[in-house]
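The values are calculated or read from the model by the stated rules, or taken from the named source; none is laboratory data. Keep in mind it's a predicted model, so treat the numbers as computed, not measured. The protein model used for the area step is the full one, side chains on, heavy atoms only, and it has no ligands, DNA or RNA in it. Shrake-Rupley method; radii C 1.70, N 1.55, O 1.52, S 1.80 Å.
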Amino acid sequence: MSLRNKVTLIGYTGKEVETVNFESGNVKASVSLATTDHYTNAKGEKVEETQWHNLIAFGKTAEILQKFVPKGKEIAVEGKLTYRSYDDKDGVKRYITEIRIDEILLLGGK
């Protein structure tokens, strides 16, 4: 994997894994991941900030997600940023940023 486009995240899944089985036999899995940051603002107040990330995986990695990752599971992932766009039903162009997972590590006891 190239260091030019590399993402490492640790967080909790926000929903059940959704899978798509293609006619070719390949599998695509997608799930959302929440990462939380804590910091102290200028007023001295502790602030918690959560970011949501769209994850996608193919092949064996998708099968691992499907089999072992329920909603609320803590996972660590490594992958790369991908971008795509589509036109919605009203003809408006929509843009999506996803992390394509290359490696996954199951964490926590859930």
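Quick notes on this one:
- Accessible area of segment 1-64 belonging to carbon and sulfur atoms, whole % at 1.4 Å probe: 47 percent
- Compared with the direct C-alpha span, the chain from Asp87 to Leu3 gains 27.1 nm at full extension, assuming 0.36 nm per residue.
- With contacts taken as Cα pairs under 8 Å and at least 6 residues apart, the chain reaches a relative contact order of 29 percent.
- The lysine pair tally for the chain, using Cα distances under 15 Å and a gap of 8 or more places or different chains, is 10.
- Kirkwood Rh, Cα atoms: Rg over Rh of the chain: 1.04
- Projected onto their three principal axes, the Cα atoms of segment 62-110 cover extents of 44, 21, 17 Å, largest first.
- Å² of accessible area per residue within the chain, as computed with a 1.4 Å probe and no ligands counted: 71 Å²
- Angle between the chain longest axis and helix 59-68 axis [Cα atoms, degrees, rounded to 10]: 60 degrees
- Residue of Lys15, Lys46, Lys80 that the Gaussian network model of the chain assigns the largest fluctuation, springs spanning Cα pairs under 10 Å: Lys46
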